[in-house]
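The values are calculated or read from the model by the stated rules, or taken from the named source; none is laboratory data. Keep in mind that what you see is a predicted model, and the values were worked out from it rather than measured. Note: ideal-geometry Cβ built from the backbone for every residue, glycine included; neighbour counts use all protein chains shown.
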Amino acid sequence: MNILVQPLNTEEQLLVEEWLKEQQISFERSETHFTEAQLTSIERGIEQANNGLLKPYTEVRKKHVQFANLMKLLLTSLLLVYFMTTTAQEVVPETPLDTIVLSEVIVKAQRKTQYTDKASFTFEKKAVEQARYAKDLLRSLPNLHLNPVTNQIATLKRGTLLVLVNGVEATDLQIRGIAPQNVARIDYYDIPPARWSNRADTVVDIITRSAEEGYSVGVDALSALTTGFVDASAYGNYTKGKHTLGVEYKLEFRNYNDRHYEEHSDYELSGVRYANDQQSKSGFSYNAHNASVRYSAVVPQNYNFQVKAGMELLNRSAHSNGINLFTQGTTISHHTLSGKSHDHWLRPKVDLYFSKKLGKRDELSVNAVGSYYNTTKENLSKEWETATQQNVYDDDMDLKVKQRGWVGEVAHTHQFDIGKLNSGYRISSTFIDNDLRNLAGTSAYDVTYTNQYLYTEFVGKKANFMYRASAGLTHTHNRSAENTFTEWVFTPKVVLGYELANNQSLRLTSYYVPRSPRSAELSSNIAQQAPNILETGNPYLKSQHIFWTGLSYAFNNEYTDFNLQPFYKNTQRVITDIYIKDPVRNGILSTYENSKYHEEFGFSLDGTFKPLRNDLFVFSANIAPTRETLVTDAGLRARNDYIDNNLSLTFTYKDLRVDYSFNFPIYYIDGNTMSTYENNNDIFIEYQLGSWTLKGGVFWLGMPSEYKMKSSYEGLVNQHSYTHIENNRNMLVFGVSYDFSKGKNNSIDKNLNNDTAPAAQF
């Protein structure tokens, strides 16, 4: 027996098709036929899915009984199929028809459906009506929240978040340009697929509905009353036929004058004990501009084309004045400190993308990205004896950097009956040419970084068992005047999942990946850090190798949605900063090495709790007790126990939303030091008036922003420092935004997303 499914509308069709894809059931867009075996599998899958996208037939039957007179015509054929394929108490005669036509399929958008490496979220009508744009839906996900200071969506966990729209890497303004009613679902990848695994720890993909002609515009501004703090942005999108044009602009402005720094360090040279006790007050300012324009042409089920051109501009400066109580043996002298810096860079960027459907089962995608940095930096750092005015050091640095980067990727997808195969190749190259003048003299430093990544991945599901297996080869080639490093590394990943019940699942994940050193870690440029202490990079660094495995248990119901995950991480040849003796200058050199390993194990618990079973009050948290151990190449050992945490409380009532977020700062091992994450204690209020939103809040309530550091083990240099920015204490902010849309947005379905390396810092 075959059953013909004809969804009511585009939304329902998208949901039906997506579910069928996940089950590896072939279908046609116009009509979908199921065999008896497939129908049985569908029924079982719906029942076992985590409140699946399709409403269980049992619930449909109940609603039929409850509203028989109202829904008789709509559900008669569905009930007939239900009674024929299940053991019911009522006796239903068999139909002589070979095919039963379902004129309607009742689709219920449930909150969450868990798959092997992702969770799919859909949204009820009330949530859509309360949202201003897609960003509001995004921030409602259990593991995501809005950082009010940056106005960016972030994860409760530490790590990099990549946001996509139909597979395209999207900016914050692009997300705001999507009306909430145009969001079909949001896919949350806590285990990124192979093509994104080297770029992010978490991936979120906003899936929109079919494109229609229309436009959207918006502006946003947020400013502090007593502090130089301004965030402003504007965007516009217009769609006509297969063509879409979008523009956006973003401004960040900061001007702080009340940052305080305290540091103590001590070390020994030639049997003499030295110590520095520094105190300084500083200020900094910057203005960052980001503008872009994009054009796309989309023919559904045929091809996608997009070109995006952008320009980034940064101007930044800083100044400081302070004192240093300098101890040499038994002699104590008073020093004066002074510093100022200014840097500027300009970055044009072009991003080209094209994809083509090759029949019903294949798709080929190509992506090319190019950028160019032109950077200038001036830095003057001085220390002198207060009484005699004699210089201790005078570091006058002038740096000019030209940096070119490009990324190319080609990928192919094939849909089998039993699963999907994704394969691709990506290459990226960065060329850096800089001229430096400082206390070490003048130098011209050239370096080239090249990475290649070849990968293939298969994703499938059978009954309650879900799996994903990928294999890749990563090639690293770093070349400088001092050294050339080349290596090939096999990079496998395995994800195994099992559905325990309608709202529970288990997933086992293991992967092995390399990580190349950053440009600053490889640079041979020299700068002054303190009296007798210089800092430089290490061009002889090798890539670090990371092994990670974890077992995840997920559970959700009307009260809670959480994930419990014990994990283990081991980084071989971990890149760490160290202090070594500098016999050439009779001092100490701060540089980098490949230490033996860095090991972490513990468990994380993250999710949300809704005591009233709705969004009126929502408590979100990530808590991760962890033990970490670092062993240096010389055998020095550092051990640290901490409980990482991020906590938030949200109140939503009609057009009013209140967010409160806070954390308890903890120390984590960062090479030869242990550092703390930035503290937060923020309250933020938003009130929606039609297309307008009024907002305000207090950042760092009752405290300044704080940053602490201390030595992680007994080494050549032992130190601790404390930085606090008083400008941030009780920072009162107010803002307004306007967003308006008409019609629907045309979003390109882009599967490849790349970017060139960030600006080099030396």
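Give the range 499-521 a look and list any residue that's more than 18 Å from F562 (Cβ to Cβ) and hydroxyl-bearing (S, T, Y), or say none.
Residues satisfying the conditions are S510, Y511, Y512, S516, S519.
From the list Y498, Y467, Y449, which residue is closer than 27 Å to K569 by Cβ, in contact (Cβ under 8 Å) with a residue 40 or more places away in the chain and surrounded by fewer than 20 Cβ atoms within 10 Å (Cβ to Cβ)?
Working: Y498 fails: in contact (Cβ under 8 Å) with a residue 40 or more places away in the chain; Y449 fails: surrounded by fewer than 20 Cβ atoms within 10 Å (Cβ to Cβ).
Sole residue among the options that is closer than 27 Å to K569 by Cβ, in contact (Cβ under 8 Å) with a residue 40 or more places away in the chain and surrounded by fewer than 20 Cβ atoms within 10 Å (Cβ to Cβ): Y467.
A quick yes/no check of all residues on (1) modelled with pLDDT of 95 or more; (2) of a type in the set (A, V, I, L, M, F, W, C):
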{"residue": "V584", "(1), (2)": "no, yes"}
{"residue": "E593", "(1), (2)": "yes, no"}
{"residue": "G607", "(1), (2)": "no, no"}
{"residue": "D615", "(1), (2)": "no, no"}
{"residue": "A624", "(1), (2)": "yes, yes"}
{"residue": "D655", "(1), (2)": "no, no"}
{"residue": "F662", "(1), (2)": "no, yes"}
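Based on this model, can you work out whether A634 counts as more than 27 Å from the chain's Cα centre (by Cα), at negative phi and not in a loop (DSSP other than H, G, I, E, B)?
Details: more than 27 Å from the chain's Cα centre (by Cα): yes; at negative phi: yes; not in a loop (DSSP other than H, G, I, E, B): no.
Here the answer is no, as A634 does not meet what is asked.
Per-residue answers, yes or no, for (1) under 24 Å from T608 (Cα atoms); (2) of a type in the set (K, R); (3) surrounded by fewer than 22 Cβ atoms within 10 Å (Cβ to Cβ); (4) modelled with pLDDT under 85:
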site	(1), (2), (3), (4)
P142	yes, no, no, yes
N147	yes, no, yes, yes
L164	yes, no, no, no
G167	no, no, no, yes
Y189	yes, no, yes, no
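Select, from D277, D220, the only residue that is assigned to a strand (DSSP E or B), at pLDDT 90 or above and either closer than 27 Å to H344 by Cα or under 30 Å from the mean Cα position of the chain (by Cα) (or both).
D220
From I178, I186, which residue is of a type outside the set (F, W, Y), in contact with a Ser or Thr (Cβ under 9 Å, 6 or more places away or on another chain), under 18 Å from F121 (Cα atoms) and assigned to a loop (DSSP other than H, G, I, E, B)? Spell out how you get there, then give the answer.
Working: I186 fails: assigned to a loop (DSSP other than H, G, I, E, B).
None of the other options fit; the residue is I178.
Please work out which residue is farthest from S341 (Cα to Cα), limiting yourself to the range 284-303 and to residues that are of a type outside the set (G, A, S) and in contact with a Gly (Cβ under 9 Å, 6 or more places away or on another chain). Let's see the steps before the verdict.
Filtering the range 284-303 down to residues of a type outside the set (G, A, S) leaves 284, 286-287, 289-290, 293-295, 298-303.
Remaining after also requiring in contact with a Gly (Cβ under 9 Å, 6 or more places away or on another chain): 290, 293-295.
Numbers: N290: 23, V293: 32, R294: 35, Y295: 39 Å.
The residue in question is Y295.
Search the range 667-690 for residues being in contact (Cβ under 8 Å) with a residue 60 or more places away in the chain and not in a strand (DSSP E or B), and hand back the single one that is farthest from V574 (Cα to Cα).
Going through the qualifying residues, I end up with N680.
Taking Y738 as meeting all but one of (1) closer than 24 Å to N681 by Cα; (2) at pLDDT below 95, write down the number of the exception.
Status for Y738: all satisfied but (1).
Go through (1) farther than 30 Å from T155 by Cβ; (2) in contact (Cβ under 8 Å) with a residue 12 or more places away in the chain for D220 and report which single condition fails.
With respect to (1) farther than 30 Å from T155 by Cβ; (2) in contact (Cβ under 8 Å) with a residue 12 or more places away in the chain, D220 is out only on (1).
Inside the range 345-369, can you point out the residues that are in contact with a Leu (Cβ under 9 Å, 6 or more places away or on another chain) and either at pLDDT 95 or above or among the aliphatic types (A, V, I, L, M) (or both)?
Passing the criteria: L346, L358, L364, V366, A368, V369.
What pairs come up if the first residue lies in the range 275-290 and is of a type in the set (D, E), the second is modelled with pLDDT of 95 or more and buried (at least 17 other Cβ atoms within 10 Å of the Cβ), and their beta carbons are under 7 Å apart, counting only those six or more places apart or on different chains?
Pairs found: D277/N324.
Could you please find all residues in the range 219-272 being out of contact with any Asp or Glu (no Cβ under 6 Å at 6 or more places or on another chain), crowded, with 17+ Cβ neighbours inside 10 Å and of a type in the set (V, I, T)?
T227, V230, T244
Tally up the residues in the range 513-529 that are buried (at least 17 other Cβ atoms within 10 Å of the Cβ) and in a strand (DSSP E or B), please.
Number of matching residues: 6.
Residues are listed down the side, and each one gets a yes or a no for (1) modelled with pLDDT under 90; (2) more than 30 Å from Y115 (Cβ to Cβ):
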site	(1), (2)
T388	no, yes
M397	yes, yes
G405	no, yes
G419	yes, no
R426	no, no
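Among the residues of the range 445-462, are any hydrophobic (A, V, I, L, M, F, W, C) and not in a strand (DSSP E or B)?
First, pick out the residues of the range 445-462 that are hydrophobic (A, V, I, L, M, F, W, C): 447, 454, 458-459.
Among the residues that remain, those that are also not in a strand (DSSP E or B) are: none.
No, that holds for no residue.
Of all residues in the range 442-491, how many are within 17 Å of S197 (Cα to Cα) and not basic (K, R)?
Here the count works out to 21.
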